[in-house]
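Just below is one structure, and these are the notes that go with it.
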Amino acid sequence: MITSSFLVTAMWRGCTLTLRRPFPMVQSCLLSTQQPISAARLPCRVKVSAGKRYAWCACGHSKKQPFCDGAHVKKAPTILPLRFTPDKDQTVMLCACKQTKNSPYCDGSHFRVIFQDIVKKVKGVFK
Ligand code: FES
């Protein structure tokens, strides 16, 4: 039930969306969960076997990084794991920041994530 004090507070804060939609905060939260989150700032060094199928976690919610544990089903249902099969036995660097453009392999995007973290921290100091 929307009370008059709720409406006045919403108008005072400029929350016109609050007046048009019943649950705007819920909608924005749902949208934000559909973005991958960084599981770690550095890539994972992993030995992979030729011909074996792997599922790389693309959402960042898995507890078995860098591989999928099925957590995306509840936490990010629109993000699916990337399945890949290596051609040969090798050691690879798999992305854990989930910002790579060369999934599932690290392309150095974690440096940008680390830089953004530093900028946020510095901005926080000067607030
Ligand atoms: S848990 Fe992240 S893609 Fe499956």
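Every read-out reported here was derived from the displayed coordinates using simple, explicitly stated rules and does not represent laboratory data. Computed from a prediction, not measured in an experiment: that's the story for all the values here. Methodologically, a virtual Cβ is constructed for each residue, glycine included, from the backbone with ideal geometry; neighbour enumeration extends over all protein chains shown.
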Counting only backbone N atoms under 11 Å from a point 7 Å out along Cα-to-Cβ of TYR105, the residues of segment 67-88 in range are 87
Which length gain, in nm to one decimal place, applies between VAL125 and ALA71 when the Cα-Cα distance is subtracted from 0.36 nm times their residue separation?
16.0 nm
Computed FRET efficiency, Cβ-Cβ of GLN34 and ASP89, R0 30 Å: what is it to the nearest 0.05?
0.25
Subset of LYS52/LYS101; LYS64/LYS88; LYS64/LYS101; LYS47/LYS121; LYS98/LYS120; LYS74/LYS121 violating a 25 Å alpha-carbon distance limit:
LYS47/LYS121; LYS74/LYS121
